[in-house]
Amino acid sequence: MSAAPDVATKPFTIALVDDYDVVLLGLAHMLDDFRDRLVVAEIDANAPLDEPIDVVLYDAFAQPESGHAQIGELVRNPRARHVVVYTWNFHPELIESASAQGVHGYLSKTLTASELVAALEAVNSGQIVVSDSPARARSAEELDWPGKQEGITDRESEILALITQGKSNAAVAELTYLSPNTVKSHIRSVYRKIGASSRTQAVLWGVEHGFTPDHRRIERWVGGQDGGAHHEAPVDDTSG
């Protein structure tokens with residue numbers, strides 16, 4: 001009879017999935033104070049993928065197109081009991097696509113650590129949790145992203161990551177659901193902060209400062225074999 005409370009309070013396991021080390025480590029650090037409620041079971045791309053995970057938290061940083069493909073594959077992975085998308089982008093089409101893929105949560109990066117953990121616990125208990133669409137607020141301060149130490153914002157970081165991957169401005173706008181002018185404004189701001197005067201310089205700076213994704217992290221979950229990153233030639237269409 002005494003076993004029931006232990007079962008009820010047993011920490012749930014969580015895997016953090018993203019292509020960027022700094023993003024994953026920042027998120028893991030954010031959860032450090034809640035080890036009595038959850039166990040971060042996996043953040044290493046080379047870790048064995050043997051045991052089921054209660055909640056797979058998919059950080060959508062610089063991977064917005066994955067909402068139409070990789071998220072569904074995560075949901076179908078038998079190791080993932082629940083899949084949650086973690087993002088700042090709450091465009092209705094992205095939420096609808098993720099929901100159609102079968103995710104169990106769509107959570108905002110503006111949530112505090114305690115709010116995030118509470119939402120993840122609700123998902124683990126069987127609830128579907130979708131955050132309210134946030135205002136244009138910054139991501140939670142505890143989080144990290146490439147270029148944060150250089151004063152690059154979370155939005156600017158994602159855009160620089162996408163152009164480092166070889167995306168054109170038009171592709172970035174389409175993937176992030178931002179207007180072309182907003183994308184150009186973010187790129188100009190990044191250029192000022194990193195001292196770049198061309199797209200090629202910005203891409204080279206991005207490659208040297210952690211903006212190149214390690215696709216093995218996601219591909220090990222969705223069954224991909226090719227861990228190599230593929231880059232298109234940068235297109236200098238910043239117009240400023």
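The values are calculated or read from the model by the stated rules, or taken from the named source; none is laboratory data. Predicted model only: the values in this text are computed from it and were never measured. Don't worry about glycine lacking a Cβ; one is built from the backbone with ideal geometry, like all the others, and counts go over all protein chains shown. In case anyone asks, the SASA skips ligands and DNA or RNA and just uses the protein heavy atoms, side chains included. Shrake-Rupley method; radii C 1.70, N 1.55, O 1.52, S 1.80 Å.
Results, tabulated for the structure shown:
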{"quantity": "Val235 vs. criteria surrounded by 13 or more Cβ atoms within 10 Å (Cβ to Cβ) and modelled with pLDDT under 55", "calculated": "yes"}
{"quantity": "Single residue of Val117, Val75, Val40, Val83 found to be crowded, with 20+ Cβ neighbours inside 10 Å and either of a type outside the set (Ser, Thr, Tyr) or modelled with pLDDT under 85 (or both)", "calculated": "Val83"}
{"quantity": "Some residue of region 137-146 being at pLDDT 95 or above, touching a helix residue (DSSP H, G or I) at 6+ places or on another chain (Cβ under 9 Å) and not in a helix (DSSP H, G or I)", "calculated": "no"}
{"quantity": "Residue check, Pro48 open to solvent by 20 Å² or more (accessible area, probe 1.4 Å), on the phi < 0 side of the Ramachandran plot, modelled with pLDDT of 85 or more and out of contact with any helix residue (DSSP H, G or I) (no Cβ under 7 Å at 6 or more places or on another chain)", "calculated": "no"}
{"quantity": "Counted residues, region 120-130 - those being surrounded by 15 or more Cβ atoms within 10 Å (Cβ to Cβ) and of a type in the set (A, V, I, L, M)", "calculated": "4"}
{"quantity": "Verdict on Ile53 being modelled with pLDDT of 80 or more, buried (at least 19 other Cβ atoms within 10 Å of the Cβ), over 23 Å from Glu158 (Cα atoms) and of a type outside the set (Asp, Glu)", "calculated": "yes"}
{"quantity": "Scan of region 131-146 for residues that are of a type in the set (D, E, K, R) and open to solvent by 60 Å² or more (accessible area, probe 1.4 Å), ordered by number", "calculated": "Asp132, Arg136, Arg138, Glu141, Glu142"}
{"quantity": "Test result for Ser114, touching a His at 6+ places or on another chain (Cβ under 6 Å) and not in a loop (DSSP other than H, G, I, E, B)", "calculated": "no"}
{"quantity": "Per-region count, region 86-114, residues open to solvent by less than 40 Å² (accessible area, probe 1.4 Å) and of a type in the set (S, T, N, Q)", "calculated": "4"}
{"quantity": "Selection from region 148-164 of residues that are hydroxyl-bearing (Ser, Thr, Tyr) and not in a helix (DSSP H, G or I)", "calculated": "Thr153"}
